[in-house]
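The values are calculated or read from the model by the stated rules, or taken from the named source; none is laboratory data. Because the structure is a prediction, the values reported are computed rather than measured. Cβ sites come from the backbone with ideal geometry, for glycine too, and all protein chains shown count toward neighbours. Each accessible area value is taken on the protein alone, full model and side chains, heavy atoms only, with ligands, DNA and RNA left out. Shrake-Rupley method; radii C 1.70, N 1.55, O 1.52, S 1.80 Å.
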Amino acid sequence: MSELRTEELTINMGPQHPSTHGVLRLVLTLNGEIVTDVKPVLGYLHRCFEKHCEAMTYPQVIPYTDRMDYLTSMNNELAYVLAAEKLLGIEIPERVEYIRVIMSELQRIASHLVAIGTYGNDAGAFTPFLYCFMDREKVLELFEMVCGARLLYNYIWVGGVSHDITPEFVTKTKEFIKYFRPRIKQVNNLLSYNKIFIERTAGIGVLPVDVAINAGCSGPTLRGSGVKYDLRKDDPYSIYDRFDFDVCVGVGERGVVGDSWNRYIVRAYEMEQSLRIIEQAIDKIPEGDVHAAVPKRVKPVAGESYVRTEAPKGELAYYIISDGSLNPYRIKARSPSFCNLSVINQISRGHMIADVVMILGSFDIVLGCIDR
Amino acid sequence: MGILNKLDNSVEQFESGNIIITSMDKLLNWSRLSSMWQMFFGLACCAIEMMATSASHYDLDRFGIIPRPSPRHVDIILISGTVTLKMATRIKRLYDEMPGPKYILSMGSCSNCGGPYWEHGYHVLKGIDRVIPVDVYVPGCPPRPEALLEGLIKLQEKIRNQSLAKHTA
């Protein structure tokens with residue numbers, strides 16, 4: 001019987017697959033049920049951001065940054081706008097800075113809610129998905145109140161924001177903070193500390209620190225491995241150095257440090273910290289005109305600028321080269337999901353095929369961000 | 001007899017009990033439009049709005065629309081997002097795998113006509129109707145969940161009025 005012929009099986013996961021979070025295709029090589037190789041195939045959502053930028057003026061690029069990582073539009077706008085402002089060298093009113101921080105942190109909560117909800121869905125738990133989307137709807141209502149859009153805002157402008165926040169927004173946001181604190185605990189009870197969920201994720205896809213750093217991982221993926229690295233603390237941009245918050249890392253509360261569960265739980269911790277930042281910002285927000293520094297014509301001098309920010313998915317950066325005209329000469333986006341995804345082959349090998357779904361979900365990738 | 005009430009004026013029921021009369025068309029149309037299973041298939045930004053629509057706040061389940069992961073199980077497919085040339089061939093294939101009668105709802109500007117990627121997007125398909133036939137177009141970038149619901153109601157109307165005599169799919 002030892003002469004039985006065995007061979008490796010190659011199967012195709014995606015581009016239409018409910019667990020690839022979009023149109024990602026994974027080519028899996030299997031030895032029985034064990035994965036021996038994972039090869040991601042990208043480009044199904046390539047929308048050529050860089051090519052578009054060459055034909056657009058600086059403010060016209062902002063809607064396209066929205067559509068790159070469509071779950072974290074505010075953070076994308078913020079990163080791009082900061083890079084453009086650095087090139088222009090303009091001073092921003094205090095009020096605008098505070099509004100931007102509030103918006104990015106609200107967006108971080110919305111993004112993490114989608115990450116947690118869909119991750120539960122991947123594991124077979126449908127109820128957390130419904131709970132998370134219910135809460136996310138509350139954040140979207142806040143966004144709708146200030147700028148009228150639910151998903152893609154074009155809210156943060158070069159030099160300001162499109163609409164000032166109203167007193168009603170402030171009260172609603174405070175209500176939301178009060179409402180959302182207990183909800184995080186509820187989601188944790190429902191999903192994070194659920195025995196079945198822990199069995200599915202603890203010890204699965206352990207990402208060692210050296211591999212993570214070499215591959216350029218960032219955000220919750222890197223922090224899940226226990227590295228305390230957050231650009232809001234380590235290289236503060238905007239006014240993040242004024243707020244008191246903790247950088248959350250995976251500590252191996254369940255499973256081992258660096259596994260899927262720890263990558264996941266960092267997001268649940270971070271929502272709490274985002275609430276803390278919003279609380280502080282909304283109390284200290286000064287008066288001012290949000291359109292005071294908006295330039296009539298954005299025409300920076302020739303030069304280049306690079307700004308990196310901490311988006312919900314990780315380190316998001318924009319590199320702009322200007323030749324002194326109205327259109328940017330070149331814009332390059334450094335997307336966090338792309339770098340995070342690159343370790344999937346290394347950490348999936350030796351796991352079962354069902355675990356690949358859990359490993360992929362724990363990165364919280366967005367294909368618009370990967371393909372650009 | 002909840003079901004019979006929903007069939008309303010297309011059904012005649014005899015007073016004494018168990019015999020009902022309706023036309024084949026009306027019965028088929030009614031059953032098709034009340035359980036449009038949808039492909040669990042998202043492309044880009046619009047897919048997030050599609051997910052938000054099927055989640056608790058807007059609740060697509062009340063229309064009988066349930067996401068299914070396999071094209072063999074589904075009746076409608078929502079093209080939700082930018083269709084690149086690379087993806088278009090795959091969508092054609094998914095469409096061919098669906099059993100008839102099948103319906104397509106094109107959601108958002110990108111799949112309607114190319115949207116913001118119309119002018120410079122050399123790699124974006126300028127409208128999914130160049131590859132597969134579309135029943136309902138929902139405009140917007142992205143459309144609000146209310147707009148998507150309206151599009152689905154329009155699709156239900158279309159199904160309600162179709163006839164076996166004319167039906168080809």
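Listing for the model above:
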{"item": "Residue in the range A:108-115 that is buried (at least 21 other Cβ atoms within 10 Å of the Cβ) and more than 24 Å from A:Arg308 (Cβ to Cβ) present", "result": "yes"}
{"item": "Residue ID - farthest from the chain's Cα centre (by Cα), chosen from residues in the range A:299-332 that are part of a loop (DSSP other than H, G, I, E, B) and under 11 Å from A:Ala83 (Cβ atoms)", "result": "A:Pro300"}
{"item": "Scope the range A:1-48; condition open to solvent by 90 Å² or more (accessible area, probe 1.4 Å) and acidic (Asp, Glu); matching residues", "result": "A:Glu3, A:Glu7, A:Glu8, A:Glu33"}
{"item": "Residues located in the range A:317-372, provided they are of a type in the set (Gly, Ala, Ser), open to solvent by 20 Å² or more (accessible area, probe 1.4 Å) and touching a strand residue (DSSP E or B) at 6+ places or on another chain (Cβ under 7 Å)", "result": "A:Gly350"}
{"item": "Leading residue by the ranking (most open to solvent (accessible area, probe 1.4 Å)) among those in the range A:49-61 that are over 25 Å from A:Arg150 (Cβ atoms) and facing chain B (nearest Cβ under 7 Å)", "result": "A:Lys51"}
{"item": "Test: residue in the range A:71-87 that is touching a residue at least 12 places away in the same chain (Cβ under 8 Å), within 27 Å of A:Ile359 (Cβ to Cβ), open to solvent by 10 Å² or more (accessible area, probe 1.4 Å) and within 13 Å of chain B (Cβ to nearest Cβ)", "result": "yes"}
{"item": "Boolean, A:Gly303 is touching a strand residue (DSSP E or B) at 6+ places or on another chain (Cβ under 8 Å) and either closer than 24 Å to A:Thr20 by Cα or surrounded by fewer than 17 Cβ atoms within 10 Å (Cβ to Cβ) (or both)", "result": "yes"}
{"item": "Residue among A:Val96, A:Val27 that alone is outside any loop (DSSP other than H, G, I, E, B) and either closer than 30 Å to B:Glu97 by Cα or within 20 Å of the chain's Cα centre (by Cα) (or both)", "result": "A:Val27"}
{"item": "Test: A:Asp122 is part of a helix (DSSP H, G or I) and either polar (S, T, N, Q) or within 19 Å of the chain's Cα centre (by Cα) (or both)", "result": "yes"}
{"item": "Total residues in the range A:20-29, condition under 17 Å from B:Arg68 (Cβ atoms) and facing chain B (nearest Cβ under 9 Å)", "result": "0"}
{"item": "Among the residues listed as A:Ser111, A:Ser104, the single one being at pLDDT 90 or above and within 12 Å of another protein chain (Cβ to nearest Cβ)", "result": "A:Ser111"}
{"item": "Qualifying residues in the range B:61-75 (those that are under 25 Å from A:Leu367 (Cα atoms) and of a type in the set (A, V, I, L, M, F, W, C)) - the one modelled with the lowest pLDDT", "result": "B:Ile66"}
{"item": "Among the candidates A:Gly252, A:Gly314, A:Gly258, residue that is open to solvent by 10 Å² or more (accessible area, probe 1.4 Å) and of a type in the set (Gly, Ala, Ser)", "result": "A:Gly252"}
{"item": "Helices (runs of 4 or more DSSP H) contained entirely in the range B:76-164, each with at least 2 residues that are more than 13 Å from chain A (Cβ to nearest Cβ), open to solvent by 30 Å² or more (accessible area, probe 1.4 Å) and among the charged types (D, E, K, R)", "result": "B:145-160"}
{"item": "Verdict on A:Ala268 being small (Gly, Ala, Ser), open to solvent by 70 Å² or more (accessible area, probe 1.4 Å) and over 24 Å from A:Pro93 (Cβ atoms)", "result": "no"}
{"item": "Output for the range B:32-75, where each listed residue is open to solvent by less than 10 Å² (accessible area, probe 1.4 Å), small (Gly, Ala, Ser) and either touching a residue at least 40 places away in the same chain (Cβ under 8 Å) or more than 9 Å from chain A (Cβ to nearest Cβ) (or both)", "result": "B:Ala44, B:Ala52"}
{"item": "Meets criteria (under 19 Å from A:Gln107 (Cα atoms) and open to solvent by 50 Å² or more (accessible area, probe 1.4 Å)) for A:Arg308", "result": "yes"}
{"item": "Cβ pairs under 7 Å, 6+ apart, first in the range A:124-145 and at the interface with chain B (Cβ under 10 Å from one of its Cβ atoms) and farther than 22 Å from A:Met74 by Cα, second part of a helix (DSSP H, G or I) and open to solvent by less than 30 Å² (accessible area, probe 1.4 Å)", "result": "A:Phe129/A:Gly117; A:Phe129/A:Thr118; A:Phe129/A:Gly120; A:Tyr131/A:Val187"}
{"item": "Residues located in the range A:333-372, provided they are over 18 Å from B:Leu43 (Cα atoms) and in a loop (DSSP other than H, G, I, E, B)", "result": "A:Ser335, A:Ser342, A:Val343, A:Arg349, A:Gly350, A:His351"}
{"item": "Filter result for the condition that a residue is facing another protein chain (nearest Cβ under 10 Å) and outside any helix (DSSP H, G or I), over A:Tyr44, A:Tyr64", "result": "A:Tyr44"}
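Let's see how each residue does on (1) without any contact (Cβ under 8 Å) to a residue 24 or more places away in the chain; (2) of a type in the set (Ser, Thr, Tyr); (3) surrounded by fewer than 21 Cβ atoms within 10 Å (Cβ to Cβ); (4) not in a helix (DSSP H, G or I):
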site	(1), (2), (3), (4)
A:Ala149	yes, no, yes, yes
A:Thr171	yes, yes, yes, no
A:Lys178	yes, no, yes, no
A:Pro182	yes, no, yes, no
A:Leu190	no, no, yes, no
A:Ile198	no, no, yes, no
A:Ile204	no, no, no, yes
A:Ser218	no, yes, no, yes
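Conditions tested, residue by residue: (1) of a type in the set (Val, Ile, Thr); (2) farther than 30 Å from A:Ser322 by Cα; (3) in contact with a Cys (Cβ under 7 Å, 6 or more places away or on another chain); (4) not in a loop (DSSP other than H, G, I, E, B).
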position: A:Ala83; (1), (2), (3), (4): no, no, no, yes
position: A:Ala110; (1), (2), (3), (4): no, yes, no, yes
position: A:Leu113; (1), (2), (3), (4): no, yes, yes, yes
position: A:Leu152; (1), (2), (3), (4): no, no, yes, no
